Amino acid sequence: IEVTLDEVIVLVLLVILGWSLYLVGAPVDSSEDQIHAGIALRLSQLANPGLDNVYLVPRLVYTYPFPGTHYFMGLISRFGDIDTFFLYHKLRFFWGTTAVLMLYVMARAVFGSRAVACATTVAAVVLIASGNFAMGFPSGWGQLVPYSHASDIAMTVLLPSLLAVAFWYIQRHRMPFWTTC
C-alpha cells in the first residue's frame, strides 16, 4: 500500500476535524432534534421494529418509514450500551469527517489527482475552520460539518457518498461520447 504525503495531510486534517467536532457535538436542544434522538432511542429498545411502531405515537407510520440513520444510531446505542442522546450529540465527529472524506474522494475521482483532491480538502477544512462552511443555520443544516439530524446526514454525507461512487464508476467505465448516442 502506497501512502503519499497528500493522503497523510488529509488524514491529519480529518483527525483534527474529528477531534474538534467531538468536543463541539451536535445540538439536541430543539424539539426536532429531541424527536430524532428519541426515535433512535426507541429503535435501540424495540425487539420488532415495524412501519407503525417506530414513531413515538402508537400505530402511526413515521415520515421516514425506514430511517436508516436512526437505526444506525439505535444499533450503536444498543451494542455499545451508550446513551442515545449522548450518541446523537457526539456522533457529529463521524458525520463531519465522513463528509470531508467524501469530498476528497469525489475530487480525486473527478480530477484524477491526489494533489488536487488534497488541495480541495485543505480548502474545505480551512473554510470549515473559518466558519464559512460550518455555519449552523436555524433550519438545522450544519453544512460540511453536519448535525446528527436525518436530513442533514442525507444531504451532507449520503448524497456525496453516492456521488463519489457514481464518479468512480464513470471514471472506470468511461466511453466515448459517440458510442452512447
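Under 5 Å from the amide H of residue 133 lie the amide H atoms of 128, each residue being 5 or more positions distant or on a separate chain, with H modelled from the backbone and absent for Pro and chain starts. Diffusion coefficient of the chain by Stokes-Einstein, Kirkwood radius over Cα pairs, 4 °C, 1.567 mPa s: 73 µm²/s. With one equal scatterer per alpha carbon and no solvent term, the Debye-computed log10 I(q)/I(0) for region 74-121 at 0.13, 0.21, 0.29, 0.33 1/Å reads -0.45, -0.67, -0.96, -1.08. Among 31-37, 85-91, sorting by the average number of other beta carbon atoms lying within 10 angstrom of each residue, highest first, gives 85-91, 31-37.
The angle between the Cα long axis of helix 114-130 and the longest principal axis of the Cα atoms of the chain comes to about 50 degrees, rounded to the nearest 10.
Every number here is computed from the coordinates shown, using simple stated rules; none is lab data. All values reported here derive from a predicted model rather than from experimental measurement. Cβ: placed from backbone, ideal geometry, glycine included. Neighbour counts: every protein chain shown.
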